[in-house]
């Protein structure tokens with residue numbers, strides 16, 4: 001195992017540090033690196049210059065003298081030490097994605113940023129594989145229940161899987177939340193001797209990034225949020241915004257069909273056709289030729305899988321036309337979404353689930369009012385937490401804009417409305433509106449997004465509200 005420092009040693013050293021990573025005028029000054037031992041990374045295909053280290057942190061941050069776990073770190077050192085500003089910490093998504101593996105694959109996107117920063121990441125405490133293998137085996141597909149009895153049966157099934165997963169390491173299972181991840185990041189900051197961090201939160205990595213901003217606002221230099229969920233709004237507000245987005249997307253599709261002869265539904269009432277198809281599929285799931293009965297698609301499956309077709313309206317229209325004639329193959333573009341106990345535990349700790357059947361039923365009633373075409377779409381994520389036995393330890397909560405520097409977000413058209421709401425709490429913040437499809441635009445290689453983000457992280461210059469980027473990523 002690579003060399004590691006204990007948390008206590010790191011904090012003691014950090015307490016002795018008085019040097020700044022960046023002077024008040026923005027000029028660079030030297031920074032010591034007292035708490036970590038960086039060395040060669042194991043394995044192959046490591047990008048040139050990448051270094052690795054490890055740090056011990058408490059499993060339970062409320063008991064810092066208790067059991068510790070070791071977190072693996074990686075960094076791409078800055079290429080011009082004389083102009084160094086500090087450290088950018090890249091938080092991986094998932095939840096549970098390995099940050100080190102991601103850094104290996106996207107190292108080149110940080111080329112310009114590394115002229116002024118070290119780029120650091122880690123495999124977080126909730127990384128896939130941190131718990132027993134059974135925690136990452138698919139559980140039951142989460143089907144929206146129609147009755148209280150169905151909800152309770154599903155909740156009991158989920159709870160049994162959760163308890164089975166938890167039994168392998170109860171203490172770690174109980175502390176997989178994103179706030180604990182944020183505290184781990186701060187331990188890394190302290191061990192590096194950095195008074196502040198600049199953060200990149202990608203996808204679900206935005207949840208620990210926001211948690212860090214809540215917990216340690218004075219240690220935040222900048223935060224770039226790339227296609228992240230909003231963990232600052234309550235669930236009802238987040239759901240309403242999501243439904244508004246998908247309904248607007250569907251309205252654009254219906255308008256396209258009305259004006260485009262190539263649409264398989266041209267000349268028809270598209271919302272009526274869609275709603276009739278979903279209702280029929282809920283009564284009798286639509287088979288997928290060549291697949292078994294378990295592959296047949298219910299109405300919820302059509303709604304969920306339509307999200308993968310929204311950027312290809314011709315394909316979406318053709319899939320609807322096939323499905324109403326008894327062939328669901330046009331919608332068989334994604335697997336059905338099962339519950340994975342190891343990942344669901346993170347979501348449940350972070351407060352995404354329903355407290356009970358009444359809570360779920362109220363959410364469904366609101367969804368029907370907000371979204372006649374896609375009500376229930378948000379259930380697939382939240383139902384994983386049905387049967388969760390304890391209150392969330394890191395529920396959504398607002399940011400304090402007065403204590404934070406301006407934030408920068410980025411997202412595709414389906415993401416930017418959520419991003420706009422998320423950053424609005426912090427004065428001076430902005431969101432880059434990307435014109436095409438895509439997710440995690442910086443690491444995907446959008447040159448325009450990278451340029452704006454690098455300028456923000458380097459100069460602390462936020463682009464004007466409404467700044468856009470053309471679609472410059474390849475079709476996938």
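The values are calculated or read from the model by the stated rules, or taken from the named source; none is laboratory data. Everything numeric in this text was worked out from a predicted model, so none of it was measured. Neighbour counts run over all protein chains shown; Cβ positions are idealised from the backbone, glycine included.
General remarks:
- Sole exception among (1) within 27 Å of the chain's Cα centre (by Cα); (2) outside the structural domain of residue 373 (by TED's automatic domain parsing); (3) in a helix (DSSP H, G or I); (4) buried (at least 18 other Cβ atoms within 10 Å of the Cβ) for residue 309, by number: (3)
- Residues of segment 373-389 include none that is part of a loop (DSSP other than H, G, I, E, B), out of contact with any helix residue (DSSP H, G or I) (no Cβ under 8 Å at 6 or more places or on another chain) and under 27 Å from residue 182 (Cβ atoms).
- Meets criteria (at pLDDT below 95, over 28 Å from residue 222 (Cα atoms) and surrounded by fewer than 17 Cβ atoms within 10 Å (Cβ to Cβ)) for residue 402: no
- Hits in segment 211-252 - residues which are under 23 Å from residue 109 (Cβ atoms), outside any loop (DSSP other than H, G, I, E, B) and either free of Cβ contacts under 8 Å to residues at least 24 places away in the same chain or in contact with a helix residue (DSSP H, G or I) (Cβ under 8 Å, 6 or more places away or on another chain) (or both): 212, 220, 222, 223, 224, 225, 226
- The condition (being at pLDDT 95 or above and either over 24 Å from residue 271 (Cα atoms) or surrounded by 22 or more Cβ atoms within 10 Å (Cβ to Cβ) (or both)) is satisfied by just one residue among 327, 358: 358.
- Hits in segment 416-439 - residues which are over 18 Å from residue 462 (Cβ atoms) and part of a loop (DSSP other than H, G, I, E, B): 435, 436, 437, 438, 439
- Each residue in segment 121-133 was checked for being outside any loop (DSSP other than H, G, I, E, B) and buried (at least 21 other Cβ atoms within 10 Å of the Cβ), and 2 of them qualify.
- Within segment 326-372, the residues that satisfy the criterion of being touching a strand residue (DSSP E or B) at 6+ places or on another chain (Cβ under 7 Å) and in a helix (DSSP H, G or I) are 328, 331.
- Selection within segment 253-271: residues that are in a helix (DSSP H, G or I) and without any contact (Cβ under 8 Å) to a residue 60 or more places away in the chain. The member of this set that is nearest to residue 350 (Cα to Cα) is 254.
- Residue in segment 209-217 that is closer than 19 Å to residue 102 by Cα and assigned by TED's automatic domain parsing to the domain that holds residue 462 present: yes
- Flag if residue 201 is in contact with a helix residue (DSSP H, G or I) (Cβ under 6 Å, 6 or more places away or on another chain) and outside any helix (DSSP H, G or I): yes
- Listed by position, the strands (runs of 3 or more DSSP E) enclosed by segment 43-120 that each have at least 1 residues that are out of contact with any helix residue (DSSP H, G or I) (no Cβ under 9 Å at 6 or more places or on another chain) and closer than 30 Å to residue 348 by Cβ are 51-58, 68-76.
- Scanning segment 176-197 for residues that are touching a helix residue (DSSP H, G or I) at 6+ places or on another chain (Cβ under 8 Å) and part of a loop (DSSP other than H, G, I, E, B) yields 176, 177, 193, 195, 196.
- Selection within segment 447-467 - touching a helix residue (DSSP H, G or I) at 6+ places or on another chain (Cβ under 8 Å) and outside any loop (DSSP other than H, G, I, E, B): 449, 450, 453, 454, 457, 458
- Which listed residue, of 108, 97, is assigned by TED's automatic domain parsing to the domain that holds residue 443 and exposed (fewer than 15 other Cβ atoms within 10 Å of the Cβ): 108
Residue-by-condition table, conditions (1) free of Cβ contacts under 8 Å to residues at least 12 places away in the same chain; (2) within 22 Å of the chain's Cα centre (by Cα); (3) surrounded by fewer than 21 Cβ atoms within 10 Å (Cβ to Cβ):
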site: 384; (1), (2), (3): no, yes, no
site: 391; (1), (2), (3): yes, yes, yes
site: 408; (1), (2), (3): no, yes, no
site: 420; (1), (2), (3): yes, yes, yes
site: 428; (1), (2), (3): no, no, yes
site: 444; (1), (2), (3): no, yes, yes
site: 457; (1), (2), (3): no, yes, no
site: 460; (1), (2), (3): no, no, yes
site: 469; (1), (2), (3): no, yes, no
